[in-house]
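Student: One structure, pasted below without further comment.
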């Protein structure tokens, strides 16, 4: 017998297909139509299908503001709201998107998760105090804090991982703590299998979440060292280290100025980005070319994807690759918020104007941050704001 939802006599499966094509804002309102719709829209299966649906398009955000790449103008309907809310002040660390969710840490040490599409925020409990160490007494000083944020693909729980390095301990004693949204609490992890790159984690300059794993690009601990990638599996809560492509290491080592180059300068040349469902590394040979390697299905295997030169837009003295968006590389020109999108297949490029390099509420967020964003129905069960 065909199942109906009692709304105009439409079959339930037809209603579901129609609802899948609607934006999150509309679906949030439609929860009030009837209990069946509310239960459907809030179900995990519908949430996952909606996120992957072709109508939920990738949108390009730069400095947290949406770019209309078709009209080459800022999106006036969304740019004022951006991706953060006006009361989230002085962001010092911003992570995401992870299935449409974000996590931010502000200058007051508050950790907040948010879903902009659902207009939900959730204040995360503060990190627990570190256990005392016999050589430091009741308190210790920290050399570095490293954070990661993502979703457990098996349970759907939001997780935040934080690990620490002791400032004065020559043995690099580490602590790992994981927050789980299902318990709304932090838990110290015992028996963590350490990897070498965790000792250098605070040098991370690029990070991303993909397919249940959070990745950090880890810079050399000492000048003249090598790059690596640190990965944290949100399901198993285990770390592993991934070597960067040998070709990329050779580019770094063969650089005649490498031995004298400080780590933060090297970070301006190599970036880790998401390329579809894969992690990719970009090497920027200053203003000459950009190479891109894509990680294969087996973690640690790499494929040299392309090299694109900067020919065609030499009117800009300096350009910097920021991210991949669909089949294009986004470059910053450092000039009047002008950006360049270059197609890696056709090598055609287009110049677009980016909105708002700075914002009164987000004065410390990275100036050159860009990412691909899709709306999500994942609820963080926090405070609903912005009517």
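The values are calculated or read from the model by the stated rules, or taken from the named source; none is laboratory data. This is a predicted model, so every value here is computed, not measured. Counting neighbours? That spans all protein chains shown, and the Cβs are built from the backbone with ideal geometry, glycine included.
For every residue, the table says whether it meets (1) modelled with pLDDT of 80 or more; (2) touching a strand residue (DSSP E or B) at 6+ places or on another chain (Cβ under 9 Å); (3) within 17 Å of residue 342 (Cα to Cα).
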residue: 270; (1), (2), (3): no, yes, no
residue: 275; (1), (2), (3): yes, yes, yes
residue: 282; (1), (2), (3): yes, yes, yes
residue: 285; (1), (2), (3): no, yes, yes
residue: 292; (1), (2), (3): yes, yes, yes
residue: 303; (1), (2), (3): yes, yes, no
residue: 312; (1), (2), (3): no, yes, yes
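Student: Please determine, by comparing only the residues of the range 212-223 that are modelled with pLDDT under 90 and in a loop (DSSP other than H, G, I, E, B), which one is surrounded by the fewest Cβ atoms within 10 Å (Cβ to Cβ).
Tutor: 222
Student: Now for a different question. Looking at residue 161 and the list (1) at pLDDT 90 or above; (2) in contact with a helix residue (DSSP H, G or I) (Cβ under 8 Å, 6 or more places away or on another chain), which single condition is not satisfied?
Tutor: (2)
Student: Regarding the range 376-385, can at least one residue be identified that is more than 29 Å from residue 49 (Cα to Cα) and either in contact with a strand residue (DSSP E or B) (Cβ under 8 Å, 6 or more places away or on another chain) or at pLDDT 75 or above (or both)?
Tutor: no
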